[in-house]
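Shown next, in structure tokens, is the structure this report addresses.
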DNA sequence: CTTTCATGTAAGAAAAATATAACGCAACTG
DNA sequence: CAGTTGCGTTATATTTTTCTTACATGAAAG
């Protein structure tokens, strides 16, 4: 994973209205679980979960099991604080290539 | 165009390997014209032009007519310096909505 | 003039992202 | 134990993005 690939992955993760909203919502109101967020966003739960997965894959949010206000076990997501300053200079320093590997369907390189 | 829509548009413009490379290339080596960039990137000219258009639509690059080293008229593109600090807080302040309007196919709201 | 190299645009194929619907499972509650 | 509400997954449809191919124009140089 090059520096450019990492920037690209994070940009792709954030470049979506639902995911941008999720980041704002989790920042404003703290950790929340999947169904809760899906209801607030007004979209289906599988879809919202897919968006959460993309954010989690790039380490922008993290999850842990907790207990919802109704007693059920629930999967809570929260923001992983990030600071991604975006300038031409920083992008140039990352030396991106026009054919990036960031879109690969491989397994998690961390694992 | 809300603040959130603007952020989203710029993120979408940057969230692509070719376009990230273009930004880096223009920053490093200054203004260049379309065919030149297409050759360097190793992709077709229409495709590269499409990427340039997306960057130009979000005001990340600008273009002007000039003269290539071989004497032909050419369309030179250059970086419009930008600084897009990306943090959960700034995203929250932009108050994004899960159903954004930033993807509309409308005409230029500036015009 | 013909060749070369720049421009633009339009049509359509291919790939990726987005979104819904439909399963089944576990746990808590009345 | 039936009903509700979490969870996850798969299959599929739709939309958007990406990319190639093809065509047509204008200006400079041989």
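A short reminder: the numbers here are calculations on the coordinates, not readings from a lab. The shown structure was predicted, so the numbers you read here are calculated from the model rather than taken from an experiment. Don't worry about glycine lacking a Cβ; one is built from the backbone with ideal geometry, like all the others, and counts go over all protein chains shown.
Comparing Cα centroids, region B:56-83 and region A:26-82 end up 42 angstrom apart.
Remark: mean inter-chain Cβ contacts per residue of A:39-48 equal 1, using a 10 Å Cβ-Cβ cutoff to other protein chain atoms. How compact is region B:8-82 by the rule of thumb for globular proteins, expressed as Cα Rg over 2.2 N^0.38 Å? Normalised by 2.2 N^0.38 Å, the Cα Rg of region B:8-82 equals 1.02.
Averaged over peptide B:22-30, the number of partner chain Cβ atoms lying within 10 Å of each residue's Cβ comes to 5. Between the Cα long axis of helix A:17-29 and the first principal axis of chain A there is an angle of about 60°, rounded to the nearest 10.
Inter-chain Cβ neighbour count for B:76-88, averaged per residue, equals 5 (cutoff 10 Å, partner chain atoms only). Once Rh is set to the Kirkwood radius over Cα pairs, what Stokes-Einstein translational diffusion coefficient, in µm²/s, holds for the protein assembly as shown at a temperature of 25 °C and a viscosity of 0.890 mPa s? Answer from the Stokes-Einstein relation: 130 µm²/s. Between A:63, A:97, A:44, which gets the highest mean-square fluctuation from a Gaussian network model of chain A, Cα cutoff 10 Å? With Cα springs under 10 Å in chain A, the top fluctuation among A:63, A:97, A:44 is at A:97. Given the options A:98, A:46, A:85, which has the most mean-square fluctuation in a GNM of chain A, springs set between C-alpha atoms less than 10 angstrom apart? Taking springs between Cα atoms under 10 Å, the residue moving most is A:98.
Each Cα pair under 8 Å and six or more residues apart adds its sequence gap; the mean of these over the residue count of chain B is a relative contact order of 34 percent. A simple spin-label model places the labels of residue B:72 and residue B:50 2.2 nm from each other, with each point 7 Å out along Cα-to-Cβ. Footprinting exposure proxy ranking of A:77, B:82, fewest other C-beta atoms within 10 angstrom first, gives B:82, A:77. Rounded to the nearest 10 degrees, the inclination of helix B:45-57 to the longest alpha-carbon principal axis of chain B is 40 degrees.
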